[in-house]
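Note sheet for the following structure.
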């Protein structure tokens, strides 16, 4: 399989334009998209589809075995062979979900987590190797003469491709492990009020919390090393030049960050960071007949939306039974995305569905609460639609997300492993019946929605900007041209200290010298006077 | 005179809406504007007029004696009496301009500059005192129940009023003396690549430049103290509470900064900084008959726009004669804003005008070059309209502005005091005839104009946002709640050092103890063996 030729792409462009009808003609640019499979693709897909609809020529490059990245009329999907099957990916997903719910001793838990992360990173790394060393694909990419690359930077494979093709690029991200995003952008992150990932702290930290935050910061570089060092070796080998991971990450023109300070804690930013938090909240679409019926039957009590995210659709039966027990006790109807074995005690008010239109349901005026794993997409949909949340974080950044919403008084967090039916039932009742939660989420929502440009339009603008201007070098700080010694002005401080100490030393020596001369003279004079 | 009552304001609002016709109805909010007279008012006026046109109730509070702040149908101008006349202000302006052109020894120059600054600050300080201690005005302001205050923060009088009225506020600014804007926003400004005001450095500094930058940074606090300490005392006295200048400045919700990284050097920002550089570049209006005629007569060579800004319309005759000599030598027509005595050698191609529509002239396709004092407004108009510049910076930030444009290859800088006729003539010819200057300014212009929202709309959005939501506390970083010791994590570092040293000390002591015991034992054993 090969990429489309220029003529074929022109035909495709005309087709897209004809298909779209009303979309104004914009000079088409060629965009290469390097996504990551899984939930990351959800918001990138929205952006990519929109760019395609606007008449850009978009090519999405993805592994042949993937779960979520499907063909679309708005982009060309180019897949490359990888040495694993879709089945293996699905098994890894189920294993990951199950391991969250397994009660194990701490040491075993850590070993298990390490094993899981290693498995996933190994799979992705092998995919990257296969992509880079596929001569046919690289040749096609070179010939395609793209204008820019849109990359999911969670793993640094896309940037190796962009560097190889010398393409200006943009990243779309929510956050990166070990804070490498803020290192690579040269963005100051004072540890005194910027909580590190996985600490679960807010921006107001006590002394012990700030101490732990500093310690987490200091071990972050180890995590970075563990995760990324294979890519550094791969990049250096493939590009035939020594290149570090930080150098690779810092090449990009624009960082499209799915952040908004309604949700996140205010912190310094750099000029090439564009905040597009809430990019996935796009206007409410009509519900299908099935859901419309369910929703309308909910009466005055309304309904609750329950989903543990795209990656976790089934959970162990004993946990599902506990949850069913809790949901049975509330007067609302519950729409629960769940594909596992039906719990025997499922209440009449609880409807299991294999998939649900989450944003459209949350946008319904009868939506009363949202039980969520606190993934970034769900959280922003909860904020957009002003629905208070009960959060059951499972892994990754979800604990931090839950903490943020809880610290804003817009939801409650439960430990999914240790919670009882009663805990869940009480939490759902609280966020529905205590008006404080609704008021707080409404306040956040009104702040979040009050913006001059929708985050999706903003992201589209910047992708097209980078394509039009072949990058955005005017937003790149000169900090990238300094080494750490210069950046922290240690040479200047050293020089000033040296100058100060030397001046002090010379002054002291002069004083001592003058003092001695005076003493000598007076001691010489004294005997004289005596002799007189 | 008193502020309008609510009923009168409603009538005013209806009048405005009727007058504007097509403007959609937006729930009117009440905005208090506290401007600064002079060139600062130019961009603030554009924003204020726009806010008024959108149906907001806008009251501009200005000293009775002022030069540029005139009544408008889009806002209510409320003046307060001050102990100086408009004549005095004008005299100060002329004195300031003349002193720039006077050749003096360095010491005398510094004394003269100090005297000028003291005169201006004294005038403004007395105006502030008169405003704050006018019981009638303060009473009216209290009763007017404003939603927010829009302030020019160059001197901290407006924020004392906002603090007294407990109003959320926004600042519109280009930059503040001694970098107090970045101190008050808690925005990191690494001295290794962020040049300080008045250094004229770019973001790429050599070691001696970084050293000087550090020294300027260290004396900035003295300048801050000199400029602002009287206001700190005034604020504490008036508000009946101890308040520092930094606390006063940091109260605001949004900093509307007239910055764009096409022109300025990329540096860290804070979430409540909104970049509105180029806010003054609004669409080209038709030229009046007088200018249209002048412009059309310029032929293939086009014309040059020459203005030293709103504050300097006349200069000493000998300098004017030198300039006239230079302008005579170029084939372009020259439109020179100049109100002084006509130079005897004025060329036929040079047209003296008392005022000129600068942006509209620069937007004309026949505009070939812009001779400017490098004030921020002019610079942005030059960028918007892609006209290469010859810059004759006079005072304040103008040297820095000129350096920025020059470092981008979009203009040339001359020392207005030491330049000869030939220097000026050569510089104008160079920027017109060497295509590099035009190409560079066109590149800057295309980057600057390619944005998702016009800076004016962005500023309007944020002013209305602050009025709607009574501030923007979600953008205020927690850094404001830390003292400097905590901010820099010095307590955490101290604790870790103490812990490390104590552990080291105890380990050392243990080792010594064990070693001694071992030695003792072996030395006891030795004699034994001897005795054996």
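Table for the structure above
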| quantity | calculated |
| --- | --- |
| Relative contact order for the range B:171-267, counting Cα pairs under 8 Å that sit 6 or more residues apart, in percent | 43 |
| Principal-axis tilt of helix A:86-101 within chain A, Cα atoms, nearest 10 degrees | 70 |
| Spatial separation of Cα centroids for the range B:424-484 and the range A:70-134, in angstrom | 43 |
| Sequence-separation-based contact order of the range A:76-207, relative, with Cα cut under 8 Å and 6+ spacing, percent | 16 |
| Cβ neighbours within 10 Å from other chains - mean over B:470-479 | 5 |
| Residue order, fewest to most beta carbons within 10 Å, for A:493, B:379, B:315 | A:493, B:315, B:379 |
| Burial ranking of peptide ranges A:187-195, A:279-287 (average Cβ count within 10 Å, highest at the top) | A:187-195, A:279-287 |
| For A:302-310, mean number of other protein chain Cβ atoms within 10 Å | 0 |
| Inter-copy label distances at residue B:70 (7 Å, Cα→Cβ; nm, one decimal) | 6.5 |
| C-alpha long axis of helix B:207-239 to longest principal axis of chain B, angle in ° | 80 |
| Shortest-first nm distances, residue A:215 label point to equivalent points in other copies (7 Å, Cα→Cβ) | 4.5 |
| For the range B:289-449: rounded, prolate or oblate by the Cα gyration tensor [a/c cutoff 1.5] | rounded |
| Sequence-separation-based contact order of chain B, relative, with Cα cut under 8 Å and 6+ spacing, percent | 13 |
| Mean Cβ neighbour count within 10 Å, used as a protection proxy, ranking A:91-103, A:35-47, A:433-445 highest first | A:35-47, A:433-445, A:91-103 |
| Exposure proxy order (Cβ contacts within 10 Å, fewest to most) of B:78, A:468 | A:468, B:78 |
| For A:226, A:370, order by how many other beta-carbon atoms lie within 10 Å, fewest first | A:226, A:370 |
| Sequence ranges A:227-233, A:481-487, A:267-273, ranked by mean other-Cβ count within 10 angstrom, highest first | A:267-273, A:227-233, A:481-487 |
| Considering only chain B, percent of DSSP beta bridges that pair antiparallel, nearest 5 | 0 |
| Label point 7 Å beyond Cα along the C-beta direction, distances from residue B:347 to other copies (nm, shortest first) | 8.8 |
| Å³ per residue enclosed by the Cα convex hull of chain B | 223 |
| Nearest-ten-degree value, helix B:40-53 long axis tilted from longest Cα axis of chain B | 80 |
| Shielding score for A:254-261, defined as the mean number of other chain Cβ atoms within 10 Å | 1 |
| Ellipticity estimate at 222 nm from DSSP helix runs (n ≥ 4, -39,500 (n - 2.57)) divided over chain B, nearest 500 | -16000 deg cm²/dmol |
| Cα pair distances in the range B:487-526, grouped into 5 Å bins until the bin that holds the longest one, percent each | 6, 22, 13, 14, 10, 11, 7, 7, 4, 3, 2, 1 |
| Span from the the range B:340-374 Cα centroid across to the the range A:216-258 one, whole angstrom | 54 |
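No value in this document is a laboratory result; all are computed from the given coordinates. Because the structure is a prediction, the values reported are computed rather than measured. Cβ sites come from the backbone with ideal geometry, for glycine too, and all protein chains shown count toward neighbours.
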